[in-house]
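The values are calculated or read from the model by the stated rules, or taken from the named source; none is laboratory data. Everything numeric here is computed off the predicted structure, so don't read it as measured data. Note that each Cβ is placed from the backbone with ideal geometry, even for glycine, and that neighbours are counted across all protein chains shown. Quick note on the areas: whole protein, heavy atoms, side chains included, nothing else; ligands and nucleic acids left out. Shrake-Rupley method; radii C 1.70, N 1.55, O 1.52, S 1.80 Å.
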Amino acid sequence: MKHKLLLLFFIPYLSFGQSTLGKAKESLSKSSGNSANVETRNGSSSSNDDDDYNFFSNFFENAFLEVAYYSTLGIAFGGGDYREMNPYPYYNNHGEFTSDFSDDTKRTSFKVGANYLVNRIKGIELDAVFKPIPIAGLEVSYLNFSENTLLNSESLNITSFSANYYRLRENYFSAWWGIGGTYVGNEVDTWGFNYNLGLDIYPVKPISLHIGWRQSFINDNTVDVFKSQVKYHIKRTALYTGYHNYKLGSETVSGLVLGVELTF
C-alpha cells in the first residue's frame with residue numbers, strides 16, 4: 001500500500017520532468033493516426049506551440065508561393081541582369097552581388113558559419129553555402145539540440161541540404177528559394193522533403209539584415225526554422241545576432257542567437 005501511495009505521489013513529477021526534446025522526437029516519429037494522442041498528452045503547451053506554428057507557417061508559406069511564382073515567371077520571360085559577386089559583402093560598398101565588374105569580382109563563393117542558441121535547451125548550428133555560379137547555390141545545415149533534465153538528457157540532430165535559386169541579385173539586396181531534403185536523427189531516423197526561402201538586405205555599410213525560412217516535412221509533422229539576423233561585417237568576417245524560432249514537431253524552441261560567418 002505504501003509503495004502505491006509513493007508511486008501516485010511521483011507520477012505528476014515524472015510527467016512534469018518529461019523533456020521538450022523527448023516530446024519533439026515522439027511527435028516527429030508519429031503518423032497522423034497517433035498525433036491526436038500526442039496532442040492530448042501535451043495539453044495546453046501544445047496549443048501555444050500551434051499558435052506560434054500557425055503564425056510563422058501561414059506567413060512564410062504564402063511568401064514562398066509568391067516568390068516562387070514570380071521567380072518561375074522570370075525564367076519563362078527571361079532572366080535578370082547579369083551579376084557577379086564581391087570577394088566579400090561591402091567590398092565596393094555593394095552587398096554580396098554587384099553590377100560593377102572588375103578584376104576583383106568573381107563568379108563563385110563559399111560561406112561557412114556557426115551560431116549558438118541562448119536557451120534552456122542548447123542549440124548549435126553549423127551551415128555552409130557554396131555558389132558555383134551567381135544564380136545557383138548548394139546549402140547544408142547541421143542543427144544539434146541538447147537538453148538536460150532531472151531525469152535524463154536528450155539530444156536531437158537535424159541535417160538539411162538544399163539547392164537554391166538566387167532569382168534576385170541586386171547591389172543592395174538578394175532573394176532566393178530552394179528545395180531539398182532533411183534528415184532527423186536519434187530515435188526519429190527519418191528523411192523528409194524541405195523548401196526554403198530567404199532575403200538579404202544591405203542598407204548601409206557595415207550592417208546587413210538576413211531573414212530565412214525553411215520547412216521540412218517529417219512523417220506527418222514538420223520541422224520549421226525561422227531566422228532573423230543583424231550582421232556586422234568586418235571584411236570576410238561577419239558577426240551577427242538575432243532571433244531564431246524552431247518548431248520541432250509539437251514543440252517550439254526559440255531565443256537569441258550569437259553567430260559568426262566567414263566568406264571565401
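Would you mind stating whether L168 is surrounded by fewer than 17 Cβ atoms within 10 Å (Cβ to Cβ), among the aliphatic types (A, V, I, L, M) and modelled with pLDDT under 95?
So L168 does not fit the description; no.
In contact (Cβ under 8 Å) with a residue 60 or more places away in the chain and in contact with a Lys or Arg (Cβ under 8 Å, 6 or more places away or on another chain): is that true of F110 in this structure?
Taking the combined requirement at face value, the residue satisfies it.
Considering each residue of segment 107-162, count those that are open to solvent by 60 Å² or more (accessible area, probe 1.4 Å) and part of a strand (DSSP E or B), and give that number.
Number satisfying all stated conditions: 14.
With the checklist (1) in contact (Cβ under 8 Å) with a residue 24 or more places away in the chain; (2) open to solvent by 10 Å² or more (accessible area, probe 1.4 Å) in hand, flag the one item T98 doesn't pass.
The failed condition is (2).
Could you run through segment 129-154 and say how many residues are out of contact with any Phe, Trp or Tyr (no Cβ under 7 Å at 6 or more places or on another chain), more than 21 Å from V257 (Cα to Cα) and hydrophobic (A, V, I, L, M, F, W, C)?
3
Quick check on segment 187-232: of everything there that is touching a helix residue (DSSP H, G or I) at 6+ places or on another chain (Cβ under 6 Å) and surrounded by fewer than 16 Cβ atoms within 10 Å (Cβ to Cβ), which residue is farthest from A163 (Cα to Cα)?
Taking the candidates together, the pick is E187.
Go through (1) of a type outside the set (V, I, T); (2) over 27 Å from H94 (Cα atoms); (3) surrounded by fewer than 22 Cβ atoms within 10 Å (Cβ to Cβ) one by one and return the number of the condition L239 breaks.
Here L239 meets the rest and fails (2).
Please enumerate the residues belonging to segment 229-244 that are in contact (Cβ under 8 Å) with a residue 24 or more places away in the chain, closer than 10 Å to V257 by Cα and not aromatic (F, W, Y).
The answer is Q229, G242, H244.
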